Structure formats: structure tokens, C-alpha cells
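Shown next, in C-alpha cells, is the structure this report addresses.
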Amino acid sequence: MAKQKLIVDIGNTRIKWAFAGNEDAGTVHFADSLTDHIPFDACQQAIISSVRGKPNLSFLNPEKNIIFFSHTTPIPLRLDYQTPHTLGPDRLAAAVGASGLFPNQTVLVIDAGTCITYDLVDKQGVFRGGAISPGIQLRMRAMHEFTSSLPDIKNEWKTLSDHFPGRSTKDCMAGGVIQAMIHEIEGYICLAKKEFGDLSVILTGGDAGFFESKLKETIFVRQNLVMTGLNRILKHNEVDK
């Protein structure tokens with residue numbers, strides 16, 4: 001049995017890994033560390049992306065073909081970005097994944113995670129940049145930590161009402177964050193359409209499922225878009241030749 005290709009995505013809060021598929025990443029698994037049952041020995045090639053900086057890879061066989069994904073890694077997009085060295089690899093990988101799913105189309109990628117990011121790839125396959133703002137948990141924490149009297153609702157906001165007007169302080173906080181993010185997301189979609197015309201919108205990230213039913217715009221939800229992009233980047237580099 002031929003050894004497989006491995007995809008590893010080190011995010012802010014967790015590590016994902018999967019064996020590469022033909023068009024997508026396979027079944028996604030979770031790990032606490034790179035040495036936590038990630039089957040490097042079962043793969044001939046791997047790509048590792050990390051938003052925490054380059055990890056210590058000294059435990060790996062130096063002869064193994066490992067790509068540490070960064071802005072210098074060849075990708076099937078052209079970058080139109082002034083500071084590519086500061087561009088998060090998760091943002092770039094998600095953009096690569098989105099452009100592969102919607103070739104020759106303008107695509108807006110919205111990643112609702114620790115931060116919520118907006119990234120646009122035009123129909124010519126050019127990454128045009130985007131925007132970054134705080135995600136749900138960051139907004140919830142900020143209201144509590146930077147005021148003297150607002151409560152900590154970061155672990156209970158899903159049980160609270162987000163309808164306006166809120167009728168308790170906790171409901172007002174939950175509603176303030178959720179409704180603001182809904183208007184923000186729809187506002188960026190509107191801005192992108194005004195600037196670039198027709199486009200497809202992909203929503204990804206840990207909080208994507210929460211917003212899917214709350215948005216008026218037509219969107220596509222793809223939970224593992226970063227993994228899809230890393231799979232495409234691995235193929236683009238033709239490491240099996």
C-alpha cells in the first residue's frame with residue numbers, strides 16, 4: 001500500500017490533520033500537538049500550516065518530504081498584497097481552496113473563527129486582500145474584561161437571546177455582538193459586490209454553522225476550507241515527481 005499525503009493545520013485553538021484526497025482533504029481529525037498521534041510515519045509527503053509560527057519539527061525524519069506552508073510557497077494564485085510576510089497562512093490557504101471550488105469566479109471567503117476574516121480572490125485568480133475583525137469570543141471577552149460591571153458571557157452566549165431589544169444585560173450583550181456581526185458580514189458582502197460585481201461567498205471557520213441560518217445573503221458553508229486549500233497547494237507543488 002502506497003504511503004499517503006498528510007495535511008496539518010495548526011490553528012489558534014486546535015490542530016487539524018487529514019490524509020489528502022483527490023479533490024479535498026479526507027476525514028478531518030484533531031490533535032493537541034504535532035506528536036499527538038498524527039501519522040507522519042504513514043505518509044510520504046506532508047504540508048504543515050501554522051498560525052502560531054513555525055513549529056519544532058526536529059522529531060520528523062529529515063528525509064521526509066515536508067512543506068512548511070508560508071507566503072513563499074508556490075500557490076495557484078497571484079498575490080496582490082503589500083505585506084505578504086504578515087499574511088496568515090490560514091487566510092491564504094482558504095483563498096486557494098475557495099478559488100479551486102469556484103474557478104474563474106470572484107470569491108469572497110469569510111472565516112468566522114477567533115477573528116473573523118474577509119478575503120477576496122478575483123476571477124483572474126488574484127488574491128486582493130480583505131479585512132480582519134474580532135470574532136464572537138473576542139468581542140464577548142472584551143466587554144467583560146474592559147469594563148467594570150459587564151458580566152462574562154463567553155461560555156453561555158449561545159443560550160442567550162440575540163433579539164433586539166434585549167431585555168436583560170446578558171441578552172443585550174449577546175444581541176449586540178451577534179447582530180453587529182450579522183450586519184458586518186452582510187455589509188462586507190455588499191461592499192464586495194459593489195466593487196467586483198457578481199461573486200460567490202464561502203463561509204468557513206468554527207462559528208460558520210452558527211451564522212449560516214442568520215444571513216440573508218446566499219452563501220456556501222465549507223467547514224474545512226483551509227484543509228481543502230492546503231490539499232490543493234500540496235498538489236500544485238508536485239512533490240511526488
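Observations
- Here F68, F59 are screened, and the one residue that is among the hydrophobic types (A, V, I, L, M, F, W, C) and either at pLDDT 85 or above or within 19 Å of V226 (Cβ to Cβ) (or both) is F68.
- The listed residues are T106, T86, T73, T114, and the only one of them that is over 17 Å from S200 (Cβ atoms) and more than 17 Å from the chain's Cα centre (by Cα) turns out to be T73.
- Matching residues, segment 154-177, being in a helix (DSSP H, G or I) and in contact with a Leu (Cβ under 9 Å, 6 or more places away or on another chain): T169, K170, D171, M173, A174, G175
- Pick from segment 137-167, criterion of a type in the set (S, T, N, Q) and surrounded by 12 or more Cβ atoms within 10 Å (Cβ to Cβ), ranking: farthest from I110 (Cα to Cα): S161
- Selection from segment 131-153 of residues that are assigned to a strand (DSSP E or B) and touching a residue at least 40 places away in the same chain (Cβ under 8 Å): A131, S133
- Take the conditions (1) surrounded by 13 or more Cβ atoms within 10 Å (Cβ to Cβ); (2) in a helix (DSSP H, G or I); (3) modelled with pLDDT of 95 or more; V201 misses just one of them, which is (2).
- The requirement of being out of contact with any strand residue (DSSP E or B) (no Cβ under 8 Å at 6 or more places or on another chain) and surrounded by fewer than 18 Cβ atoms within 10 Å (Cβ to Cβ) is fulfilled nowhere in segment 220-234; no residue meets it.
- Residues of segment 168-193 that are more than 22 Å from A208 (Cα to Cα) and surrounded by fewer than 15 Cβ atoms within 10 Å (Cβ to Cβ): S168, T169.
- Condition check for I67 on (1) crowded, with 20+ Cβ neighbours inside 10 Å; (2) touching a residue at least 40 places away in the same chain (Cβ under 8 Å): one failure, at (1).
- Only residues that are under 16 Å from I15 (Cα atoms) and outside any strand (DSSP E or B) were counted across segment 49-70, and they come to 8.
- Of all residues in segment 91-124, those that are of a type in the set (A, V, I, L, M) and either in a strand (DSSP E or B) or without any contact (Cβ under 8 Å) to a residue 60 or more places away in the chain (or both) total 8.
- Long-range neighbours under 6 Å by Cβ, at least six apart or interchain, first residue closer than 14 Å to P55 by Cα within segment 28-40, second assigned to a loop (DSSP other than H, G, I, E, B): L34/P55
- Matching residues, segment 74-96, being farther than 18 Å from L225 by Cα and touching a helix residue (DSSP H, G or I) at 6+ places or on another chain (Cβ under 7 Å): P74
- Unique match (being modelled with pLDDT of 95 or more, within 30 Å of Q4 (Cβ to Cβ) and touching a Phe, Trp or Tyr at 6+ places or on another chain (Cβ under 8 Å)) among L79, L108: L79
- Test: residue in segment 190-198 that is in contact with an Asp or Glu (Cβ under 9 Å, 6 or more places away or on another chain), at pLDDT 95 or above and within 29 Å of W17 (Cβ to Cβ): no
- Considering residues of segment 5-47 that are of a type in the set (S, T, N, Q) and modelled with pLDDT under 85 only, the residue surrounded by the fewest Cβ atoms within 10 Å (Cβ to Cβ): N22
The values are calculated or read from the model by the stated rules, or taken from the named source; none is laboratory data. The model shown is predicted, which means the values in this text are computed figures rather than measured ones. We place every Cβ from the backbone using ideal geometry, glycine too, and count neighbours over all the protein chains shown.
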